[in-house]
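K.L.:
Take a look at this one; I'll ask things after.
Every number in this text was worked out from the coordinates using simple rules, so none of it is lab data. Source: prediction; values computed, not measured. Ideal geometry is used to build each Cβ from the backbone, glycine not excepted, and the neighbour counts take in all protein chains shown.
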Amino acid sequence: MTSGLLNVKYFDLSSKGLIIKGRSVSDWARRVGRTPFYLYDSEVIYKKIAELRSVLPTEVSLHYAIKANPNLELVRFMAQNVDGFDVASAAEMHLAIKAGMNRTKISFAGPGKTDQELEQALLEHILINVESLNEVRRIAEISNRIGTKSPRIALRINPPYEMKSSGMRMGGGAKAFGIDSEQIPAVCQEIRKLNLKIEGVHIFAGSQSLSARVLSETFTSSFDLLNALKENFTQPLQSFNFGGGFGIPYFEGDPELDLVQVGDALRRLVKKFKVDFPNTEMILELGRFLVGEAGIFVCRIIEKKISRGQTFLVMDGGMNGHLAATGNLGQVIKRNFPIFVAAQLSSDFRETVSIVGPLCTPLDSFAQQIEVDCCSSGDLVVVFQSGAYGLTASPIHFLSHPPPLEIFI
Ligand SMILES: *Cc1c(COP(=O)(O)O)cnc(C)c1O
């Protein structure tokens, strides 16, 4: 009945098809009114957070990185269930505030914050993760001009290492992100001259890792790096955001991240850390891991056609609505996201098909030659693992189709 579904752990694929909160996927499609759409299931997010909290040392706070999925209702739900938000633009910052997150629990990272964004962050009294000395100077200037008292800044450090085998590397070597660790002593001196206080430190070394060993090694390096730089901080740090990078399985053969092992490693690190930094809050920031498995992308088959012996299902949803699932968002080898065809007429027959979107480009392809239940135009196709970097990481204006709808249930 299914193909490549090994990784779908949080949705119920019974003999009756895909059932979400007691309703079939076609029921949900009728309620939404049109395809394509994204559906985010709060229960799945809740389970992910619970599973994580059960292994996480209680001293570690959990932040959600909004860029993974900035849907307002989802962010509102997150505001009730995590300890803080990380934002990457002024718009995300306002969204975080609107969703009800306490301003003191919001941090703002990004290598290219504009003066306007910095001013808004200063006015809202948000913690700014500064990524260069010049950014600190701009903050001092703006702060003087608008008369804010004590700007809240944390240093984002670009470490000399990077997370191995992660989907996207964002630390180590020459990077646009953060301040090179070897520059930290000089930058700290400059900051003192500007009469600014360093409230915290932020290190983010990579993303989408499925290896507990790699994650523990990376966190160990980050804790060690902070310790090595300790004497540069003349006042006690209030927070240390040590990043995250927990991945989710997307493709056949991807392992699940061993949370227990990550939890054990963190417990060891926390124990040591509390000796040297007794009053510093430790923060884990995650995006994809918390929401990625909670979302599905639902499309309808518009055309079923055969070209030179191969069957194609052409859907109404494409790369313009879900770029990542077509392998065009930073994937090295094109592999298929788990896909399910919800055929209305049950059939004992299976067929081999390629599944594509409606755009006039060969890039708009979700699956090549996979086996699915026999289906026809009008049937629904579900792409799993679509809760993170879906709609807002897609070129929705490309070919000017209406953008997918979203529901949060
Ligand atoms: C993108 C990003 C995250 C979230 O990454 P995930 O892989 O979705 O967990 C966290 N922190 C920073 C600084 C980021 O840029």
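K.L.:
Of the candidates THR148, THR392, THR35, which one comes out as most mobile in a Gaussian network treatment of the chain with C-alpha springs shorter than 10 Å?
P.N.:
THR148
K.L.:
Something else about it: For the range 1-95, would you read off the P(r) tail past 23 Å as a percentage of all alpha carbon pairs?
P.N.:
Roughly 42 percent, rounded to a whole number.
K.L.:
Quick one: if you take sqrt(5λ) for each eigenvalue of the C-alpha gyration tensor of the chain, what semi-axes come out, biggest first, whole angstrom?
P.N.:
Its equivalent ellipsoid spans semi-axes of 42, 22, 19 Å.
K.L.:
Give me the orientation-averaged projected area of the Cα convex hull of the range 33-82, in nm², one decimal.
P.N.:
Over all viewing directions, the range 33-82 projects a mean Cα-hull area of 4.3 nm².
K.L.:
Taking the chain as a Gaussian network, where each spring joins two C-alpha atoms under 10 Å apart, which residue of ASN232, ASN320, ASN71 fluctuates the most?
P.N.:
Greatest mean-square fluctuation among the candidates belongs to ASN232.
K.L.:
The range 124-138 to the range 301-341: how many Å between their Cα centroids?
P.N.:
Cα centroid to Cα centroid, the span is 42 Å.
K.L.:
Right, something else. Classify the range 303-409 as rounded, prolate or oblate, taking a ≥ b ≥ c as the square roots of the eigenvalues of its Cα gyration tensor: rounded when a/c is under 1.5, otherwise prolate if a/b is larger than b/c and oblate if not.
P.N.:
It is prolate, given that a/c is not under 1.5 and a/b is the larger ratio.
K.L.:
Filter the cross-link list LYS105/LYS271; LYS47/LYS175; LYS113/LYS272; LYS105/LYS334 down to pairs whose alpha-carbon distance in this structure exceeds 26 Å.
P.N.:
Cα-Cα > 26 Å for LYS47/LYS175; LYS113/LYS272; LYS105/LYS334; rest within.
K.L.:
Run through the range 225-306 and list the chymotrypsin sites (Phe, Trp or Tyr not before Pro) located in a DSSP loop whose Cβ has at most 16 other Cβ atoms within 10 Å.
P.N.:
Loop-located and lightly packed - PHE251.
K.L.:
For the chain, modelled as a Gaussian network with Cα springs under 10 Å, which listed residue fluctuates most, THR220, THR326, THR234?
P.N.:
Among THR220, THR326, THR234, the largest GNM mean-square fluctuation belongs to THR234.
K.L.:
Another question, then. So which trypsin sites (Lys or Arg not before Pro) in the range 307-358 are both in a DSSP loop and have at most 15 other Cβ atoms within 10 Å of their Cβ?
P.N.:
Answer in residue order: ARG308, LYS334, ARG335.
K.L.:
Express in nm, to one decimal, how much length is gained between LYS47 and GLU190 on full extension, taking 0.36 nm for each residue of separation and deducting their alpha carbon distance.
P.N.:
47.0 nm
K.L.:
Less than 13 Å apart at the alpha-carbon level, and either on another chain or at least 8 residues along: which aspartates and glutamates does that give for LYS98?
P.N.:
The qualifying aspartates and glutamates are GLU73, GLU124.
K.L.:
Moving to a separate point now. Assuming R0 = 41 Å, can you tell me the calculated FRET efficiency for the pair ARG34 and ASP254, based on Cβ-Cβ distance, to the nearest 0.05?
P.N.:
Calculated transfer efficiency: 0.80.
K.L.:
Applying the Karplus parametrisation 6.51 cos²θ - 1.76 cosθ + 1.60 with θ = phi - 60° to the phi angles of the range 293-301, what ³J(HN,Hα) value in whole Hz is obtained for each residue in order, glycine and proline being reported as x?
P.N.:
Per-residue couplings from phi come out as 7, 8, x, 10, 10, 10, 10, 10, 6 Hz.
K.L.:
Continuing with the same structure: Could I have the simple spin-label model distance between LEU363 and ARG213, label points 7 Å from Cα toward Cβ, reported in nm to one decimal?
P.N.:
With each label point 7 Å from Cα toward Cβ, the separation is 3.7 nm.
K.L.:
Using alpha-carbon positions, what is the distance between the centroids of the range 17-95 and the range 248-273, in Å?
P.N.:
The range 17-95 and the range 248-273 have Cα centres spaced 21 Å from each other.
K.L.:
May I pose another question? Which aspartates and glutamates, on any chain, are close to LYS164 with Cα under 12 Å apart, when same-chain ones fewer than 8 places away are left out?
P.N.:
The reachable aspartates and glutamates, counting only those whose Cα sits under 12 Å from LYS164, are GLU217.
K.L.:
If each DSSP helix of 4+ residues adds -39,500 (n - 2.57) and the sum is divided by the residues in the chain, what number results at 222 nm, nearest 500 deg cm²/dmol?
P.N.:
-8500 deg cm²/dmol
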